[in-house]
Protein chains: 2
Amino acid sequence: MTAAQIFKALGDPVRLEIVKRLADGSAYTMNNLSKDLGISRQGARKQIQVLVSANVVFLKPIGRETLVTLDMSSLELARAFITSMENQWDQRLNALKNFVEK
Amino acid sequence: MTAAQIFKALGDPVRLEIVKRLADGSAYTMNNLSKDLGISRQGARKQIQVLVSANVVFLKPIGRETLVTLDMSSLELARAFITSMENQWDQRLNALKNFVEK
DNA sequence: TCATAAGGCAACCAAATGGTTGCACATTGA
DNA sequence: TCAATGTGCAACCATTTGGTTGCCTTATGA
């Protein structure tokens with residue numbers, strides 16, 4: 001999965017709320033997770049599917065329920081991507097600073 | 001600006017490439033930035049506008065050119081958001097671990 | 001056993017997105 | 001001065017997105 005895909009998956013208020021809840025560990029079944037999002041169950045299902053496709057989340061059917069679990073490695077990848085850009089930026093500024101001081 | 005808006009802005013390959021270049025400090029005018037993205041200048045312009053609207057980037061017209069600059073605080077906000085979710089996750093796991101060990 | 005709970009899937013729809021072309025306009029430098 | 005450069009803006013288009021409703025299937029538990 002690319003960084004852009006993960007960012008895209010996180011780039012929706014409903015999906016981000018879902019991910020936030022999962023990180024909290026408070027909700028973990030489809031039904032549970034679909035409540036109080038302001039949209040229908042089927043609507044929520046589609047958003048969860050987007051997260052599944054981006055590997056931000058994975059599903060595990062247990063009996064008649066389906067467990068939803070966060071895949072932390074995707075968050076880690078996203079964070080690492082941002083950090084690397086921040087590092088690039090800092091290095092550039094330092095290089096500029098050295099040039100000026102010389 | 002909300003975290004979801006920033007993630008959404010970063011969630012497109014073309015826009016992410018633009019941000020990457022800016023972090024690098026190698027390109028900084030509209031014209032410069034619009035090259036080699038695989039789309040027209042006007043197409044690139046629209047994507048840059050998305051970044052502007054999300055406050056990921058800001059513009060500064062100089063004569064007939066327009067400088068594009070990264071707003072690092074948006075990246076910082078995005079990174080902080082991810083970090084906070086990772087912390088929540090870790091705390092949850094630790095709480096679970098303590099419960100099992102008790 | 002059988003009503004209820006959990007969930008999947010498809011069709012449909014309006015709005016947003018990502019791109020295009022065409023044209024106008026101000027700045028610049030020879 | 002004037003052609004070239006850098007940029008903006010609007011109209012247009014196909015596809016994607018985010019949501020809906022309707023219906024079907026499978027487990028569960030009283």
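Observations, loosely collected:
- Search result, residues across the range A:26-48 that are in contact with a strand residue (DSSP E or B) (Cβ under 9 Å, 6 or more places away or on another chain) and closer than 26 Å to A:A4 by Cα: A:Y28, A:M30, A:L33, A:I48
- Given (1) closer than 23 Å to A:D90 by Cα; (2) away from DNA strand D (no atom under 15 Å from the Cβ), number of the condition B:E86 does not satisfy: (1)
- A Cβ distance below 6 Å, combined with a sequence gap of six or more or placement on separate chains, defines the contacts here; from the range B:63-88, residues that are at positive phi reach no residue that is open to solvent by less than 10 Å² (accessible area, probe 1.4 Å).
- The listed residue being within 17 Å of A:R79 (Cα to Cα) and without any contact (Cβ under 8 Å) to a residue 40 or more places away in the chain, out of A:G11, A:G25: A:G11
- For the range B:27-48, the count of residues that are within 9 Å of chain A (Cβ to nearest Cβ), modelled with pLDDT under 95 and open to solvent by 70 Å² or more (accessible area, probe 1.4 Å) is zero.
- Verdict on B:G38 being within 12 Å of DNA strand C (Cβ to nearest atom), in contact (Cβ under 8 Å) with a residue 12 or more places away in the chain and at positive phi: yes
- Among (1) closer than 19 Å to B:L77 by Cα; (2) among the aliphatic types (A, V, I, L, M); (3) in contact (Cβ under 8 Å) with a residue 24 or more places away in the chain - the single one A:A4 does not satisfy: (3)
- Output for the range B:58-95, where each listed residue is surrounded by 13 or more Cβ atoms within 10 Å (Cβ to Cβ), among the β-branched types (V, I, T) and closer than 21 Å to B:R15 by Cα: B:T66, B:V68, B:I82
- Single condition A:T2 does not satisfy, out of (1) surrounded by fewer than 16 Cβ atoms within 10 Å (Cβ to Cβ); (2) more than 12 Å from every other protein chain (Cβ to nearest Cβ); (3) among the β-branched types (V, I, T); (4) more than 10 Å from DNA strand D (Cβ to nearest atom): (2)
The values are calculated or read from the model by the stated rules, or taken from the named source; none is laboratory data. Computed from a predicted model, the values in this text were never measured in an experiment. All Cβ positions, even for glycine, are placed from backbone atoms using ideal geometry, and neighbour counts span all protein chains on display. Ligands, DNA and RNA are excluded from the accessible area calculation, which covers all protein heavy atoms including side chains. Shrake-Rupley method; radii C 1.70, N 1.55, O 1.52, S 1.80 Å.
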